[in-house]
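Some notes on the structure that comes next.
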Amino acid sequence: MAQPVLAPQRLDGADVTAPGATAGRRARPLLSLLRQPLNLVGAAVAIGWIFFAPDYRVFTVTTGLVIGVLALGLMVMVGWGREINLAAAGVYATSLYLGSWVYRPGPNGWGHPLVIAIVVSVAIGIVMMLAVALFSVRLSGVYVMVFTLGVQILVERIVFTQYRLTGGDQGLTTPSPHIFGYEVSSHDDRAFYLFILSVVALVLAFLQRLRHSPHGRAILLMGADQQAAVAVGVRPLRTRALAFAVCGALGGLAGILAATLYGSTPGTVNYTATTSLLWLSIAILGGFDSMVGVLAVAVAFQYIPFQLEKLHVNYQLLAGISLLAGVLCGSRGLGGRMQDAYRRLRFGPAAQRRAERPSSFTAAAEVLARADGLTELREIGPSDEVRRQSLETLERWFPRRRTEPIALAAEDVSVAFGGVRALRGASIEVPTGSFTGLIGPNGAGKTTLFDVVSGLTRPDAGVVRIFGDDVTHRQPWERAGLGMTRTFQTTRIVKELSVADNLLAGAGLRISGSLPQFVVGMPAQWRQIRAAEEAAWAIACLLDIDRYWDERVGELEFSARRRTELGRALLSGPQILLLDEPTSGLDPASSGALIGLVRRLQADLGLTVLLVEHYVKAVLESCDLVYVLTEGQILAHGDPDHVAADPDVQERYLGAGHDAAAIPWRERVAAERTGVTGD
Ligand SMILES: Nc1ncnc2c1ncn2[C@@H]1O[C@H](COP(=O)(O)OP(=O)(O)OP(=O)(O)O)[C@@H](O)[C@H]1O
């Protein structure tokens with residue numbers, strides 16, 4: 001049995017030294033906006049063009065930027081969190097009317113400074129969207145969409161009918177803002193543009209920091225796959241509430257900016273449900289991971305109708321086209337397409353880029369196809385130096401290994417789905433530091449047992465213990481916090497994101513700090529993020545996905561996706577790793593390579609692994625302990641030789657009178673492929 005090999009270390013405040021292999025690979029979110037030459041050119045153009053453009057154009061672009069702020073909020077909720085919001089116009093207008101009331105001098109206002117009005121407007125947006133998150137807590141998808149539509153209609157009926165607040169059709173005047181004692185007149189289009197541009201720059205910096213913090217990564221992972229997120233410790237309600245709150249905050253901010261921009265409150269007719277839909281289309285076309293794309297589309301939405309008025313191109317027509325184009329562009333939107341084109345221009349086609357990057361492995365999984373269709377696998381592994389460096393990094397990243405004798409236990413677990421009794425008093429014990437296999441025929445209840453152990457399914461009876469603690473009633477993310485994570489039978493990765501982003505989505509449990517600490521840029525928090533990036537790179541090297549580091553996972557071959565999912569689980573620094581058929585969907589050679597890799601990692605990192613696998617021979621060859629589950633009950637358990645020789649196992653699982661376990665693995669795989677026999 002493998003012994004614990006890793007030393008303990010607190011990550012916050014730790015002196016984390018990067019191994020040579022990771023140098024230059026750290027993401028620097030604080031500087032990343034300025035890192036790309038294109039961004040620098042963009043910033044120069046964003047400031048310089050106004051000195052050559054007529055006033056009305058500057059004003060039009062300014063209004064576009066204000067809507068852009070709101071659309072960036074929608075990007076977080078809709079693009080990252082994947083929940084549709086049709087109440088954006090209602091939130092924006094409520095903040096606009098109430099915020100301008102706070103800041104307008106009497107008799108139709110309280111005459112507070114602008115900064116108070118901004119705080120109030122942002123707070124209104126947050127409260128409204130948090131209320132939506134709270135009341136729609138059990139809903140998702142189309143139900144959240146309909147719920148937010150209901151909120152929008154309520155706002156129209158309740159807020160918009162308060163004519164004293166809104167000023168009716170006439171509107172109410174709003175004074176020009178004073179920034180550090182300087183009046184930014186709404187008649188001075190350039191000064192106002194620069195004011196809004198500064199706010200946009202702050203919003204971009206905030207979102208950039210959020211995006212690279214564990215909080216932002218949790219929203220992205222939750223949006224893509226809630227079960228995968230909770231498996232690495234993401235708290236779903238808190239994460240969802242954050243996405244809604246950010247959307248509300250930026251909606252509220254845009255509302256008060258608009259109030260100052262127009263000089264008087266616009267009529268309520270501008271902020272109906274249709275407006276919400278139009279603004280949604282900006283976020284969709286802009287793309288979920290391109291802030292510049294979202295801003296560009298928002299500006300285009302103001303600018304194009306203005307320029308093409310004679311051709312009857314209006315906002316609604318654009319929104320219709322935008323929704324269609326956004327769907328055709330896919331979830332990465334126009335911004336994502338532009339990023340792809342830029343990368344192609346700068347670095348060449350993706351396939352060529354990958355080919356040019358050497359793997360850290362001394363030899364890739366070299367598969368020699370033989371004439372009879374069987375495959376043979378050569379020994380694989382990273383070079384000794386890369387492996388040593390990677391393990392050193394992970395030694396600092398992983399928590400202290402637990403030493404209790406039993407890592408995981410399920411006692412007399414029963415689960416029934418209606419009439420189907422998936423588990424009938426099944427019990428297993430997984431010793432700490434062991435590589436334990438769970439095998440059984442299709443429908444035996446293996447995945448159900450995994451779901452019970454990881455907390456996704458509540459058992460009808462029985463107890464689950466992690467290191468002796470009864471966790472039967474604990475939530476999946478709490479169990480992840482105790483050091484247990486899992487992978488799934490079907491690969492659950494965020495295809496639109498890079499390998500690095502997917503790996504780092506698993507790091508949240510090992511990084512501490514509140515959102516304000518990350519946004520303000522506290523050194524301890526960013527040190528932890530850098531440590532996470534070093535650990536992610538180390539894991540990528542060990543799993544041979546380092547060469548794909550910044551490639552989108554959706555473009556990679558299946559085995560690399562599987563390893564990325566495994567890497568994400570490892571980045572949460574687990575004590576116990578549950579692997580549900582990690583080789584499912586892989587060809588025999590890749591399956592063998594993956595199991596060999598997992599076995600080696602388990603020993604190197606001192607992990608406790610519970611593996612569900614259909615390739616019986618592979619399990620018998622690599623596991624320390626094997627459990628056989630049939631019809632919801634444990635049929636046998638013990639060391640592999642003992643289990644393989646068990647007459648019950650041979651008769652009821654391996655086949656009566658047929659010693660399948662004795663057949664060499666490759667022959668067995670070949671037989672399965674030709675349909676002669678099966679597990
Ligand atoms: N959500 C569910 N609702 C109803 N029945 C279910 C559900 N999940 C599993 N079952 C049933 O419970 C039994 C055990 O299923 P489970 O997926 O746990 O088996 P398994 O051993 O993992 O199978 P496989 O190897 O094919 O993945 C099966 O009969 C299955 O049809």
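The values are calculated or read from the model by the stated rules, or taken from the named source; none is laboratory data. These figures come from a predicted structure and were not determined experimentally. Here Cβ is always computed from backbone atoms with ideal geometry, including for glycine, and neighbour counts include all displayed protein chains.
Out of all the residues in region 403-421, which are assigned to a strand (DSSP E or B) and within 16 Å of the ligand (Cβ to nearest atom)?
ALA410, VAL413, SER414, VAL415, ALA416, PHE417, VAL420, ARG421
If you go through region 623-635 one residue at a time, how many are away from the ligand (no atom under 16 Å from the Cβ) and not in a strand (DSSP E or B)?
Of the residues in region 623-635, the ones away from the ligand (no atom under 16 Å from the Cβ) are 623-625.
Adding the requirement that they be not in a strand (DSSP E or B) leaves 623-624.
Counting residues in region 623-635 that are away from the ligand (no atom under 16 Å from the Cβ) and not in a strand (DSSP E or B) gives 2.
How many of the residues in region 422-442 are surrounded by fewer than 19 Cβ atoms within 10 Å (Cβ to Cβ), within 8 Å of the ligand (Cβ to nearest atom) and more than 27 Å from LEU597 (Cα to Cα)?
0
Considering only region 199-225, state which residues are over 30 Å from THR63 (Cβ atoms) and surrounded by fewer than 21 Cβ atoms within 10 Å (Cβ to Cβ).
ASP225
Identify, by number, the condition in (1) more than 16 Å from the ligand (Cβ to nearest atom); (2) at pLDDT 90 or above; (3) under 34 Å from the mean Cα position of the chain (by Cα) that GLY638 doesn't meet.
(3)
Got a number for residues in region 141-175 being more than 29 Å from GLU83 (Cα to Cα) and either surrounded by fewer than 19 Cβ atoms within 10 Å (Cβ to Cβ) or of a type in the set (A, V, I, L, M, F, W, C) (or both)?
Summing the residues that are more than 29 Å from GLU83 (Cα to Cα) and either surrounded by fewer than 19 Cβ atoms within 10 Å (Cβ to Cβ) or of a type in the set (A, V, I, L, M, F, W, C) (or both) in region 141-175 gives 11.
Would you pick out the residues in region 561-585 that are of a type in the set (Gly, Ala, Ser) and within 16 Å of the chain's Cα centre (by Cα)?
GLY567, ALA569, SER572
This table checks each residue for (1) touching a residue at least 24 places away in the same chain (Cβ under 8 Å); (2) farther than 18 Å from PHE398 by Cα; (3) outside any helix (DSSP H, G or I); (4) over 21 Å from the mean Cα position of the chain (by Cα).
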{"site": "ALA532", "(1), (2), (3), (4)": "yes, no, no, no"}
{"site": "ALA535", "(1), (2), (3), (4)": "yes, no, no, no"}
{"site": "SER559", "(1), (2), (3), (4)": "yes, yes, no, no"}
{"site": "VAL609", "(1), (2), (3), (4)": "yes, no, yes, yes"}
{"site": "GLU621", "(1), (2), (3), (4)": "yes, yes, no, yes"}
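Can you go through THR485, THR472 and tell me which one is surrounded by fewer than 24 Cβ atoms within 10 Å (Cβ to Cβ) and of a type outside the set (Phe, Trp, Tyr)?
None of the others qualify; the one that does is THR472.
Within region 536-559, can one find any residue that is touching a Gly at 6+ places or on another chain (Cβ under 9 Å), over 20 Å from LEU497 (Cβ atoms) and surrounded by 24 or more Cβ atoms within 10 Å (Cβ to Cβ)?
yes
Among the residues of region 443-486, write down those that are more than 16 Å from the ligand (Cβ to nearest atom), in a loop (DSSP other than H, G, I, E, B) and on the phi < 0 side of the Ramachandran plot.
Correct list: VAL471, THR472, HIS473, ARG474, GLN475, LEU482.
Which residue is nearest to the chain's Cα centre (by Cα), if the candidates are limited to region 196-222 and must be assigned to a helix (DSSP H, G or I) and small (Gly, Ala, Ser)? Don't jump to the end; show me each part of the working.
Kept after step one, since they are assigned to a helix (DSSP H, G or I), are these residues of region 196-222: 196-212, 214-222.
In the following step, the residues that additionally are small (Gly, Ala, Ser) were identified as 198, 201, 205, 216, 218.
On the way: SER198: 29, ALA201: 24, ALA205: 19, GLY216: 8, ALA218: 5 Å.
Only one residue tops the list, namely ALA218.
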